[in-house]
1. Take the conditions in a loop (DSSP other than H, G, I, E, B) and either more than 31 Å from the chain's Cα centre (by Cα) or surrounded by 17 or more Cβ atoms within 10 Å (Cβ to Cβ) (or both) and apply them to residue 818. Does it pass?
2. Can you tell me which of (1) assigned to a loop (DSSP other than H, G, I, E, B); (2) in contact (Cβ under 8 Å) with a residue 60 or more places away in the chain is the one residue 160 doesn't meet?
3. Where residues in region 505-550 are at pLDDT below 80 and acidic (Asp, Glu), which of them is surrounded by the most Cβ atoms within 10 Å (Cβ to Cβ)?
4. Please verify whether residue 223 is away from the ligand (no atom under 16 Å from the Cβ), buried (at least 22 other Cβ atoms within 10 Å of the Cβ) and modelled with pLDDT under 85, treating the condition exactly as stated.
5. Taking residue 282 and the conditions (1) within 14 Å of the ligand (Cβ to nearest atom); (2) among the basic types (Lys, Arg); (3) at pLDDT below 85, which numbered condition does it fall short on, given that it satisfies the others?
6. Taking only pairs six or more apart or across chains, which ones have beta-carbon atoms under 8 Å, a first residue in region 428-456 that is in contact (Cβ under 8 Å) with a residue 12 or more places away in the chain, and a second residue that is within 10 Å of the ligand (Cβ to nearest atom) and among the aromatic types (Phe, Trp, Tyr)?
7. Is there a residue being surrounded by fewer than 17 Cβ atoms within 10 Å (Cβ to Cβ), at pLDDT below 80 and more than 8 Å from the ligand (Cβ to nearest atom) anywhere in region 234-243?
8. I'm checking my understanding of the structure. Among residues of region 449-483 that are polar (S, T, N, Q) and at pLDDT 80 or above, which one is surrounded by the most Cβ atoms within 10 Å (Cβ to Cβ)?
Amino acid sequence: MSQLQTLKMKGNFLKHVSKNIIDCKQLKYLDLTGAMKLNSWIPAEIFLLSNLQILDLTNNYFTEISSEVMGLTNLKKFIMRRNALLRLPKELFTLKYLEYLDLSESYLEEIPSCVSDLKMLKGLYLCHNKIKHISEEICNCENLLELQLHNNELESLPDKLFKLRKLEELTLDNNKLKRLPLMLDKLVRLQETGRISLRNNPLTVPPLAICEQGIDSLYGYLKELRICEAKHRRKMILIGASQAGKSSLRNALILGRSKLTAEHERTWVMERHLWEPEPDLRIQILDFGGHHIYSAAHHMFLTPEALHLVVFDVSRYCPNLYDDLVGNWVEAITDRAPGASIMLVCTHSDLVSREEIEEKIQDILDKMHTEEESKLGGLKTELQRLESELQRASVRESGETFNDVAVERMRDKANYLRRILTTRVTLPDMVYVVSCAEELTGVHDLQSSLFSMLHNSEERPLPQSWYKFLTVLQEQKARILSWHQTLAIFERTMKNMNQSMYMLQGSPEKSMAMVLKYLHVTGEILWYQDNPELSQIVFHRPETLVEMLRTIFRHDYDEVIKYQDNYGHLAGLTRHKFDKQKQEFLHHGLMTQEMLHYTLLFCDLSIDARELFIDLMLKFDLCYEVAPSVSASALLGASRILQFPWFLTADPPVDISQKWPNDIPPENIIICFQLQFPRKEPPNFFEKVSARLQSYISSREDWKDGILASKNRSQLLLKRENSNGIASVTLSVRGSELQELWFLVRKCRNEMLILLKEWPFVRFDAHIICSHCLLSKKDDPTMWPGEVVDMTCQRNLYWIKCPNSPDQLIPACFVYPLDEEFQDDLGEHIKAVQEFLQGVYDTVDGTGNLLSDLGLAYVASRLGADWNLVALNLHLTQPEIERIQMDNPTQTLNQIRKALTTWFSRSYSMDDHEKVQQLMNALEASSRNDLVFELKERFRIED
Ligand SMILES: Nc1nc2c(ncn2[C@@H]2O[C@H](COP(=O)(O)OP(=O)(O)OP(=O)(O)O)[C@@H](O)[C@H]2O)c(=O)[nH]1
């Protein structure tokens, strides 16, 4: 008997099982179907068969299974259909090889929670019992293929049933189920096999009628319902350098298995995914493409409320790549998203030894925290300085508006610094180490931490009516919606649903703004409320924005966008034109409308999107429009041309020193506004400023780190530099039109400050670099606090001291902008500038000096009301004079300057000496001998 492998005793009437059965050491299959109807206990001897693999006890009257069952250590199949079991011993669940457990047709009332110990379980048959409740633990039997629960008394099912991803059969007929788990539709194998049965349940959610229509309608309904009832709607952002392993990590998290991405699957700009790991956890995952070209778009999607995973490839990490792989990304978040949570995740751990990983992680954490401490130190020192200045200012008797404004600015800045200090993002002090290769090392731990972090975060329920509004929005066919279109939808939906929600803050506009803001935070839509241009648009389908960015901001533009006759024909491009225009884009960032059209067609985007895309890209400051005439010849004939500063690769023009000489030309004033950032400027800041400048300048020449531009007679240079760990963006303007120079500085500086609001927590310092020091070539120029640009020059203040040379007085209008409205003392300022410049340049050539812009401005400032007569004597006609007066209605000085420059440009045939003579004669003829005398003295003009 010791060799016996199968013993079938079906239909016998056995009373006992002999102890000798233990000698059947090879017994693998024992069938006692209906053979022991006289016993209510299973004879303990059976449990001594430690090699038994199949035990069939069907059709008996056993009421219990004793704890000795644990002796069947190799049992795979345990069949006990049609018995009288009342309960189950926990030892049954120690049979770790058990694959099939059939306990149907008994009197069981519950399944104990230790069922989850049966990790190999494939089939669990519990039909025709009295089960009222199933422990949630059953959801951990992840290998389960068949679960039969029909004909029981179940009132509910565990919510996490969806975790049984391999399930192919689920029978639930004839129970008391009212609701199904919301995530049931995640059981996709069931959908494939169709082996789900729900007959005869008092179902209300989903209604039985839906269930009867088949699994597709059941699943569709559940999905809708789930979205509607989801409690947590969170945004999780995967960010990090190119090829860090973000998309592979996303796959590992969502799919629960390894799916490494291939090179051709690289993320373009950003991808959105919905991850629903638990019934009440709905996560939008934003996966950012790490290529630097996409960084132009990233910040549009970063929000403080999101959980940010900064991902890096540990096999590539070395200390000098800290910034590129980790530091810059952490900083982008801390500068932009004050309340954000950050987790650091290192991937590719399968390629690096444990010791090496630990060493690298230590280096990263040290660097990150040291940097943060130094930032905090800098902020605190700056705050202390401001506080003591404010202290001093409070004891000083001021009374002067001038100082009061300065104090006010200091107070604002101190408050701003305090805000930065108190709302710092808490930086992580550990790194999650994972591998997304086959073993998925560490992914499970990361997942658990993610869930607990997301669960512990503030709950974000989406009220029914908001959800309704969102669904109606998402049903709209248009690519984007205007504010008014959105408002109409909002009013309609809310009125139908809930009046109080509609007027929540007293007005539908305010209510809608609140809802839109919330939906933006959860990543459902995009709405940029802080940007006046963009706040009028609602991206109800964020994909629109991504699609738009993808067409242009793609790392592989050169390889992917190839010429094809059919598209070329539609876009009006021959192969030759296409080749030239493509090169212009790749090397100079110039995109023609035709090329854009071609790119959109090539990327399967409709033609109607073209105008919209151009408009949006302009609004997002991603590009600016240039006139076809000033562009390269390859682009001539193009209807519109857009410049994308991100694609500029050029160095400064070779003749830059001629166009913008190091030595400031005589008679030129220079005003310099500078922003300084510790280490580096915010990503994309320079490119965006560059795009915004376009509205203020008339011609320009761009290169990677600079722009040389002009407006009328003024020149402008915008430059970014990085030296000694300080990054700076400097705006310099040169020319002689004081008002125009200040206009340019003010406008550009305002644009910069508006843009900096996109990174509310970036620290920067703003200065006016002292013109006096620049003109006198001082090595260490005075830095006037940038706040001076907000002020206007105090009345009757024409001279101030430069702290760098206290004995030297400099024109006040070099430091403080002139009041645009108040023109009366402009003459005095010009006089001060004139005198100052004369001192700097010590010019002796009187005639040249008098005829310069500044010289004529000086004359204008001394002329006063009797200028008409002088103008007539300079041969301007009466109608011309009247025209000048009409064009500059309240600004007498501008009228005079216009009259003088009109005369000057008209007298081009005369030499300088003759011109000066004509001017002197006109002054004499107008009885202004006093001025003739003064000019001769000041400009050292000889007769
Ligand atoms: N051995 C190993 N390879 C990995 C791991 N994670 C990712 N990879 C590989 O690394 C490369 C980059 O992975 P991706 O997931 O595409 O990286 P990404 O950060 O999404 O890249 P971008 O799309 O450029 O931003 C791919 O070739 C992956 O197959 C890992 O944990 N181990």
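1. Yes; evaluated as a whole, the condition is true for this residue.
2. The number of the failed condition is (1).
3. Filtering region 505-550 for residues that are at pLDDT below 80 and acidic (Asp, Glu), the one surrounded by the most Cβ atoms within 10 Å (Cβ to Cβ) comes out as 524.
4. On the way: away from the ligand (no atom under 16 Å from the Cβ): yes; buried (at least 22 other Cβ atoms within 10 Å of the Cβ): no; modelled with pLDDT under 85: yes.
No: the conditions fail for residue 223.
5. Only one criterion in (1) within 14 Å of the ligand (Cβ to nearest atom); (2) among the basic types (Lys, Arg); (3) at pLDDT below 85 is unmet by residue 282, namely (1).
6. none
7. no
8. Here is the first cut: in region 449-483, the residues polar (S, T, N, Q) are 449, 452, 456-457, 464-465, 471, 474, 476, 482.
Imposing the further condition that a residue be at pLDDT 80 or above reduces the set to 449, 452, 471, 474, 476, 482.
Working: 449: 13, 452: 10, 471: 13, 474: 11, 476: 15, 482: 12.
Taking the candidates together, the pick is 476.
The values are calculated or read from the model by the stated rules, or taken from the named source; none is laboratory data. From a predicted model like this one, the values you see are computed outputs, not experimental measurements. Ideal geometry is used to build each Cβ from the backbone, glycine not excepted, and the neighbour counts take in all protein chains shown.
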